[in-house]
1. Please check which bits of the stretch 356-378 a label hung off residue 405 would reach, taking the label as a point 7 Å along Cα-to-C-beta and the cut-off as backbone N under 18 Å.
2. Report the FRET efficiency, 1/(1 + (r/R0)^6), for residue 386 and residue 253, where r is their Cβ-Cβ distance and R0 is 45 Å, rounded to 0.05.
3. Calculate, in nm to one decimal, what residue 421 and residue 514 gain on full extension: separation in residues at 0.36 nm each, minus their alpha carbon distance.
4. With a ≥ b ≥ c taken as the square roots of the eigenvalues of the C-alpha gyration tensor of the stretch 264-395, please select rounded if a/c is under 1.5 and otherwise prolate if a/b is larger than b/c or oblate if it is not?
5. Which of these values of P(r) over Cα pairs in 20 Å bins from 0, in percent was calculated from the structure shown: (i) 13, 22, 20, 20, 15, 7, 2, 1, 0; (ii) 19, 43, 27, 10, 2, 0; (iii) 22, 55, 22, 1, 0?
6. For labels at residue 439 and residue 505 in the simple 7 Å Cα→Cβ model, what's the distance in nm?
7. Looking at the square roots a ≥ b ≥ c of the eigenvalues of the Cα gyration tensor of the stretch 134-212, which shape do they give, rounded for a/c under 1.5, prolate if a/b is larger than b/c, or oblate?
8. Could you check the spin-label model distance between residue 478 and residue 309? Points 7 Å from the Cα along Cα→Cβ, value in nm.
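No lab work stands behind these numbers, since they all come straight from the coordinates. Remember, predicted model here, so these are calculated numbers, not experimental data. A quick note on method: Cβ atoms are made from the backbone with ideal geometry, for glycine too, and the neighbour counts reach across all protein chains shown.
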C-alpha cells in the first residue's frame with residue numbers, strides 16, 4: 001500500500017473528530033450567547049394576568065418577546081426573539097420576518113413556515129415569554145392626562161386609575177368613557193362592567209388607543225323596588241330594563257306592574273308615564289333626568305315578630321297578630337315561665353316606638369331651666385323614669401292586668417330572674433340589701449336594719465323598683481320585691497363655710513336695707 005494512502009487513512013478519522021468537536025464547540029458557544037441574552041432581559045414590573053392568554057386574540061407588536069427553539073439535523077437553535085420597533089424579528093440563517101399586528105397564532109405559524117423553508121425536517125417551538133409595553137393616551141379631567149405605559153392585558157379601568165393617581169373624583173364619568181381605536185369610537189361603561197362582570201364594557205387596551213374621560217353631565221333616578229336604588233349617570237340610548245338591571249334588578253316585593261316615570265318635556269314642564277306591564281315597556285328609552293318609581297308591595301310576605309327572652313322556657317322570636325296577640329299568649333307560646341322566673345315582674349319595650357320623637361320633651365328642652373313651669377319639670381322627671389316605648393310591671397296584680405295587653409310588631413318581652421330582696425338606705429344603722437318578707441311592714445325592715453340613727457331628718461320614702469317613683473313611707477304601703485326604703489339623713493356641712501355664707505347673705509341684706517332707707521329719706 002502506498003505510503004501516502006496510509007497517512008490519509010490515519011488523518012481522516014482525526015479530521016472528522018476535529019470537525020465534530022469544532023461544530024459542538026460552535027453550537028455550545030451559540031447556546032451560551034442565547035443564555036446570556038435571556039439573562040440580560042429585564043423583567044420590569046410584575047404583570048398579573050386575568051387568565052391564560054389566548055393566542056388567537058393576542059395581537060403581536062413591538063416589544064413582545066418570543067422564546068424560539070429549532071431542532072435541525074445538524075444543530076439546535078435556542079433564541080430570544082424580540083419584536084423590533086419596525087414590527088419584525090430577526091432569526092440568523094432564516095432572515096427578517098414581519099409579524100406586526102398579527103395574532104400570536106398567525107405570527108408563530110409564519111415564523112415556523114419560514115424556518116421550514118430553510119430546514120425542511122426541523123422541529124420549531126415558539127412561545128410568548130415577555131409582554132410588550134406601549135403608551136396609551138388619556139385625555140380629560142384626570143390628575144395626570146397624557147401617556148400612560150400599558151401592556152396589552154391591561155383594561156381601560158386600570159389605565160384610568162393610573163391617570164387619576166390618588167385624586168379620584170366622583171365628578172368623573174364612569175359610564176360615558178370614549179375609547180378611540182383605528183378610526184372607531186367604543187363606549188366604555190365601567191359601572192355596567194362592575195355590576196355585570198361583562199368584559200365587553202371594559203376592553204383591554206391596544207397600542208395606538210386613546211381614552212377620553214369626561215365629567216358627568218346628566219342623571220336618571222330609580223327608586224323603590226330595586227336592589228340598589230339611587231341616581232345613575234345617564235347614557236343615551238339606554239332602556240328601562242337596562243337601568244333596572246344596572247340597579248340590581250327588582251326586589252322580591254317590587255310591583256313591576258306599577259312603574260311611574262316622571263319626565264321633563266322641556267326645561268320646566270313634566271309628564272308622568274305609567275308602565276303597567278313591564279314586559280311591554282322594558283325597551284322604553286330613557287331620557288335625561290327621568291325619575292323612576294317602582295312601587296313596593298309593603299305587605300309582601302310580611303312577618304310580624306316579637307322577641308321574648310329571660311326566664312322563659314323557650315326564648316326566641318315568635319310571630320304574632322299585631323293588636324290581637326297578648327303578652328299572656330306569647331308567654332304561653334314560649335312554654336311559660338322557667339323555675340327561676342320572677343313572674344311578678346315583666347318588662348315590654350319597643351325600639352321602634354322609643355325612636356319616635358317625644359314632641360313635648362323636645363319642646364321643654366328648648367326652654368331654659370329657670371323658665372320652666374312646675375308641670376314641665378314634672379314631665380321631664382316622669383320621662384326620665386319611664387323611657388318612651390317601655391312598660392314595666394313590679395307587682396303581681398299589675399302583672400296579671402298586663403297579661404291581656406296586645407303586643408305590637410318588634411316588641412321585646414323580658415322576664416327577669418327572681419331576686420327577692422328589699423333595700424334599706426340612708427339614716428339606718430346597717431343599710432343594705434335584706435330578704436323580702438311578705439309579712440313585714442316598713443317599721444319591721446327599719447328595725448331589721450338596726451333602727452334609725454341620730455342623723456335622720458324624720459322623712460322616710462318608698463322608691464318603687466318598677467318606675468323609680470318616690471312616695472312617703474306609711475304602713476298602708478305594701479313592700480314589694482326590689483323596692484327601696486329610704487330614710488333621709490341630715491347633710492353634713494362645714495360650720496366655718498356655713499358661717500361665711502350666712503355673713504355674706506347678712507351683708508347683702510344690710511346693703512339692700514341701707515339703699516331702701518336712703519331712698520325713703522329723699
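1. Within reach of a label on residue 405: 356.
2. On the way: r = 36 Å, r/R0 = 0.81.
Working from the Cβ atoms, E equals 0.80.
3. On the way: separation 93, 0.36 × 93 = 33.48 nm, distance 5.99 nm.
Stretched fully, the residue 421-residue 514 segment lengthens by 27.5 nm.
4. Numbers: a/c = 5.08, a/b = 1.47, b/c = 3.45.
It comes out oblate by the Cα gyration axes.
5. Of the listed options (i) 13, 22, 20, 20, 15, 7, 2, 1, 0; (ii) 19, 43, 27, 10, 2, 0; (iii) 22, 55, 22, 1, 0, (i) comes from this structure.
6. Using points 7 Å along Cα→Cβ, the separation is 5.0 nm.
7. Numbers: a/c = 1.43, a/b = 1.02, b/c = 1.41.
Judged from the Cα gyration tensor, the stretch 134-212 comes out rounded (a/c under 1.5).
8. Roughly 3.1 nm, to one decimal.
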